[in-house]
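To keep things clear, I will list the structure first and then write my remarks on it.
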Amino acid sequence: MHTANPLLSAGDLPAYSLIKAEHVGPAIDQVLADNRQLLARLTAANNKDLSWEGFVLSLDELHAALNEVWSPVSHLNAVCNTPQLREAYEAALAKLSAYGTELGQNMTLYKGFQSLLNSRNYVDFDVAQRSVIDHALRDFKLSGVHLPAAGQQRFLELNLNLSELGSLFGNNVMDATQAWSRLLTDEQALAGVPVAAKSFMANCAKERGLQGWLLTLEVPCVQAILTYADDRALREEVYFNNVTRASEVGPNAGAFDNGPIMQQILEGRAELAQLLGYENYAQLSLVSKMADFVPQVVDFLRDLAEHSRAGAMQELQQLNAFAVERGVENVQMWDIRYFSELYQQQYYALSQEALRRYFPVDHVLKGMFELVERLYGIQINELTGFDTWHPEVCFFEVVEQDVVVGRFFLDLYARPNKRAGAWMDGCRSRRRDRQGVLHAPMAYLVCNFAPAMQGEPALLTHNEVVTLFHEFGHGLHHLLTRVEQSGVAGVNGVAWDAVELPSQFMENWCWQPQVLRGLSRHVDNGQPLPDELLNRLVESRSFQAGLAMCRQVELALFDFELHARSQVPDPTVFMAAVSQEVSVLSPPAYIRFANTFSHIFAGGYAAGYYSYKWAEVLAADAFSRFVEEGLFNPVVGKAFRETVLAQGGAEPAMDLFKRFRGREPEIGALLALSGLDQARV
């Protein structure tokens, strides 16, 4: 009786607290069986009803039914992972991969979309409908619909294997992160570490029935040690264990080694690309992106490196000189954050930890919501009485002209068995169904901040405020769409190298004095950032911008050129070569960053990590219009809302950008914001 399964309930929201690992398999089996049965009817009747409602919206209903089951499972696997759920998740992945390939290679469906393209009705479809058809035809070809039977079978095998390998990669990262810890019983060993961070470590120890301070590889702990710990040996120990996770190096050497998995993933992707007629996976990835050619992306990244390398070298020289004054002759990677923080404290009179006192989470959220309400004419209300996967999760609705246009969950704090990092994921997409009912979108917004400690509210550094704004920008893109075709609504169908535009655009507001005054309220006295401190914070935006730019270019070049080869190189060796070319830093030989580079090995950024910098150019240039015409100019806000945020993937991203900006994007705004507009090698 699958109706008792909470994943198959007809409720408005998933019953997260009731979902158990044993529910996953039966729910997936049931929805796939139902979908296959309905699909058989649809394809049998496709020549009789090739209307939009009868064909495309019927397919949408199949996709929505599957998403209602899979979305909560995938999300729970990321935010409260257990061995049982992981096993059920991976078993379901294999079934979903096979089902997805079945759809992608269904010649009857392909011909159905082709018939819509060639029909007299095509010209009467709106731009979103035409995009759905065009994207579907493209995706059928990328799924191997034209391949002979043997090629289709190999495509299925490769896709299934890559799906399993990506999941295994992510599991190894999580397990390796959880596998290392060190208990400190002498508080003096944590000299320099802020009280809030020590409270987090003490709480980690308490949760395991220990007394003292437990060091882990969770993000709040690693950042606190590398940024503040005076004990250089302790910084090195944490750094070493962090950068050798999931590799053949370190105390858990080989236990969760992602090295062989990376090689298999890269080889599988290369074969997949060649099977579809492309020279390499990078070429394949660009089919659905703004950039057109491999050399175009490489030249773009090398141009950014050229603009940033001179500034990065100067920044490193300054940091080295600063460290020498404090008795450290040879700055190592585990010293960078520490001396950078001290440098900011001395020359900018600025400390991220001191800034934390000005950014209580609740007040930051209030200020962020007020900003977007002012910009876009919306209202954000918190909701109560919903089912959740953790007590600290919040739930909100977005209202426009008294109509709920979307809802989102907010899960802000780090905890064991939760995937590291920050992300937005679509829970549901906006769509109008065959009966004319409009379904509102819903999103997950997830971060890994330190939770409230010692009776105080949770507090954010300014860097964390920027992270929150970034993810909320993704959320707005998903929630504020006006498109009613789910395939191109919100973030769906958006070129991957443009999908970061709304998120990186939002980051710019965190540096505006008018906004910072509203975001900040000291946890003790309720006062906003004083003008002197606020000005120093704004001035610090360009601090080590060259080093930061070089790092992002290094990662992007590594990812893209790694995937632009038909013969797969060793990722560790290749990353060392790219680092030597681009970076001004000298990482130790034991570093294994690639082994935890989940963006490209377990996420959607393979041959697409360059998208962060590509979209950052777009975001900086878009924001410059607000600077030129008024930060809170309602005309500009409405224009951004109605072009970039409202149109989703219904139109090409470049067309939308040019409609908003009145021209093609220019790199100057980004270089100016970063303080790199004068620096060239």
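The values are calculated or read from the model by the stated rules, or taken from the named source; none is laboratory data. The structure displayed is predicted, hence computed values, not measured ones. Counting neighbours? That spans all protein chains shown, and the Cβs are built from the backbone with ideal geometry, glycine included.
The set of residues in the stretch 236-289 that are modelled with pLDDT under 95, surrounded by fewer than 19 Cβ atoms within 10 Å (Cβ to Cβ) and either among the aliphatic types (A, V, I, L, M) or closer than 30 Å to Val328 by Cβ (or both) comprises Pro251, Asn252, Ala253, Ala255.
Against the numbered list (1) under 22 Å from the mean Cα position of the chain (by Cα); (2) at pLDDT 95 or above, Glu484 comes up short only at (1).
Residue by residue, here is whether (1) closer than 24 Å to Asp126 by Cβ; (2) not β-branched (Val, Ile, Thr) holds:
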residue: Phe623; (1), (2): no, yes
residue: Val627; (1), (2): no, no
residue: Gly630; (1), (2): no, yes
residue: Gly637; (1), (2): no, yes
residue: Phe640; (1), (2): yes, yes
residue: Thr643; (1), (2): yes, no
residue: Ala646; (1), (2): yes, yes
residue: Met654; (1), (2): yes, yes
residue: Phe657; (1), (2): yes, yes
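Residues are listed down the side, and each one gets a yes or a no for (1) in contact (Cβ under 8 Å) with a residue 12 or more places away in the chain; (2) assigned by TED's automatic domain parsing to the domain that holds Asn67; (3) surrounded by fewer than 21 Cβ atoms within 10 Å (Cβ to Cβ); (4) in a loop (DSSP other than H, G, I, E, B):
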| site | (1), (2), (3), (4) |
| --- | --- |
| Gly406 | yes, no, no, no |
| Asn417 | yes, no, yes, yes |
| Gly421 | yes, no, yes, yes |
| Asp425 | yes, no, yes, no |
| Gly436 | no, no, yes, yes |
| Val465 | yes, no, no, no |
| Phe469 | yes, no, no, no |
| Arg482 | yes, no, yes, yes |
| Asp497 | yes, no, no, yes |
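Apart from one condition, Val627 fits all of (1) closer than 18 Å to Glu507 by Cβ; (2) buried (at least 16 other Cβ atoms within 10 Å of the Cβ); the exception is (2).
For (1) of a type in the set (Gly, Ala, Ser); (2) farther than 25 Å from Ala202 by Cα; (3) in contact with a Ser or Thr (Cβ under 7 Å, 6 or more places away or on another chain); (4) at pLDDT below 95, each residue gets a yes or a no:
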residue	(1), (2), (3), (4)
Val405	no, yes, no, no
Leu438	no, yes, no, no
Ala450	yes, no, no, yes
Gly475	yes, yes, no, no
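Does Gln512 count as surrounded by 17 or more Cβ atoms within 10 Å (Cβ to Cβ) and under 18 Å from Val364 (Cβ atoms)? Yes: the conditions hold for Gln512.
Using the structure shown, decide if Ser579 is over 27 Å from Glu341 (Cβ atoms) and among the polar types (S, T, N, Q). Spelling it out, it is not the case that Ser579 is over 27 Å from Glu341 (Cβ atoms) and among the polar types (S, T, N, Q). Being out of contact with any Phe, Trp or Tyr (no Cβ under 8 Å at 6 or more places or on another chain) and of a type in the set (Ser, Thr, Tyr) is not true of Thr216.
Which of the residues that make up the stretch 438-463 are assigned to a strand (DSSP E or B) and among the polar types (S, T, N, Q)?
Asn448, the sole residue that qualifies.
Those helices (runs of 4 or more DSSP H) of the stretch 15-113 in which 1 or more residues are in contact with a strand residue (DSSP E or B) (Cβ under 9 Å, 6 or more places away or on another chain) and either in contact (Cβ under 8 Å) with a residue 24 or more places away in the chain or not aliphatic (A, V, I, L, M) (or both) occupy 57-79. Just to be sure I understand, how many residues within the stretch 630-681 are among the charged types (D, E, K, R) and under 18 Å from Trp511 (Cβ atoms)? Counting residues in the stretch 630-681 that are among the charged types (D, E, K, R) and under 18 Å from Trp511 (Cβ atoms) gives 1. Comparison of Ala128, Ala94, Ala150, Ala176 shows that the only residue that is within 30 Å of the chain's Cα centre (by Cα), surrounded by fewer than 19 Cβ atoms within 10 Å (Cβ to Cβ) and hydrophobic (A, V, I, L, M, F, W, C) is Ala94.
Give me a count of the residues in the stretch 590-605 that are over 16 Å from Ala556 (Cβ atoms) and either of a type outside the set (A, V, I, L, M, F, W, C) or without any contact (Cβ under 8 Å) to a residue 12 or more places away in the chain (or both). Lay out the reasoning, then the answer.
Narrowing the stretch 590-605 to residues over 16 Å from Ala556 (Cβ atoms): 590-592, 595-596, 602.
Now drop any that are not either of a type outside the set (A, V, I, L, M, F, W, C) or without any contact (Cβ under 8 Å) to a residue 12 or more places away in the chain (or both), which leaves 590, 592, 595-596.
The total comes to 4.
Of all residues in the stretch 372-399, those satisfying the criterion of being surrounded by fewer than 21 Cβ atoms within 10 Å (Cβ to Cβ), touching a residue at least 40 places away in the same chain (Cβ under 8 Å) and on the phi < 0 side of the Ramachandran plot are Arg374, Tyr376, Ile378, Phe386, Asp387, Thr388, Trp389, His390, Glu392.
Conditions (1) surrounded by fewer than 19 Cβ atoms within 10 Å (Cβ to Cβ); (2) of a type in the set (D, E, K, R); (3) over 24 Å from the mean Cα position of the chain (by Cα), marked per residue:
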| position | (1), (2), (3) |
| --- | --- |
| Tyr605 | no, no, no |
| Asp621 | no, yes, no |
| Asn633 | yes, no, yes |
| Arg641 | no, yes, no |
